[in-house]
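Asks: After the C-alpha cells below, expect a handful of questions from me.
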Amino acid sequence: MSTSIYAVTYTYSDDAALRDEHRAAHREYLAGLADQQKMVVSGPWGADEAPGALLLFRGSSADEVRALTAEDPFVTVGVVVEQTVRAWEPVLGPGKDVFAG
C-alpha cells in the first residue's frame, strides 16, 4: 500500500496551563511517531499567531492519520479543539525529496 503526505492542523484551546501540563507527553508521543517514520515534522504556529500547530504525517489514508492523532495527549485531554487532515502533494522546492515515500 502506498503512502501519502497528510497536513494536519491543530487549533488549541485558550488554556495555556493545560498545554503546559501536557506538552512533554504530547512531544514524547509525536517523537515516537517520528521514530516510526509516521510523522515527518511538527511544530506550533508562531508566537503572534492563534494557538495551534502544523504536523505532517505519512500514511495510507486520512483515516489512518486521524487514528494516530486521536491518541495524541493534546487531543485526549482537550488541548486540541479543532483539527483538519488534508492530503498534501509536495511538488517543488529542495525539500520535496524529504517527503518522498
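Asks: For V81, only one of the following conditions fails: (1) closer than 22 Å to L18 by Cα; (2) part of a loop (DSSP other than H, G, I, E, B). What is its number?
Replies: (2)
Asks: Mind checking whether some residue in the stretch 38-52 is among the hydroxyl-bearing types (S, T, Y), at pLDDT 95 or above and more than 14 Å from T76 (Cβ to Cβ)?
Replies: yes
Asks: Just to be sure, is S61 out of contact with any His (no Cβ under 8 Å at 6 or more places or on another chain) and more than 18 Å from E82 (Cα to Cα)?
Replies: Yes: the conditions hold for S61.
Asks: Could you tell me which residue of the stretch 78-99 is surrounded by the most Cβ atoms within 10 Å (Cβ to Cβ), considering only residues that are in contact with a Lys or Arg (Cβ under 6 Å, 6 or more places away or on another chain) and β-branched (V, I, T)?
Replies: Across the stretch 78-99, the extreme among qualifying residues is V79.
Asks: Of all residues in the stretch 1-54, which are surrounded by 14 or more Cβ atoms within 10 Å (Cβ to Cβ) and part of a loop (DSSP other than H, G, I, E, B)?
Replies: T3, S13, D15, K38, W45, P51
Asks: Where the second residue is modelled with pLDDT of 95 or more and the first is among the aromatic types (F, W, Y) and lies in the stretch 26-49, which pairs have Cβ atoms under 8 Å and are six or more apart or on separate chains?
Replies: Every condition considered, the pairs that remain are Y29/E71; Y29/D72; Y29/P73; W45/P51; W45/G52; W45/A53; W45/L54.
The values are calculated or read from the model by the stated rules, or taken from the named source; none is laboratory data. Since this is a predicted model, take the numbers as computed values, not measurements. Because the Cβ atoms are built from the backbone with ideal geometry, glycine has one as well, and the counts that use them run over all protein chains shown.
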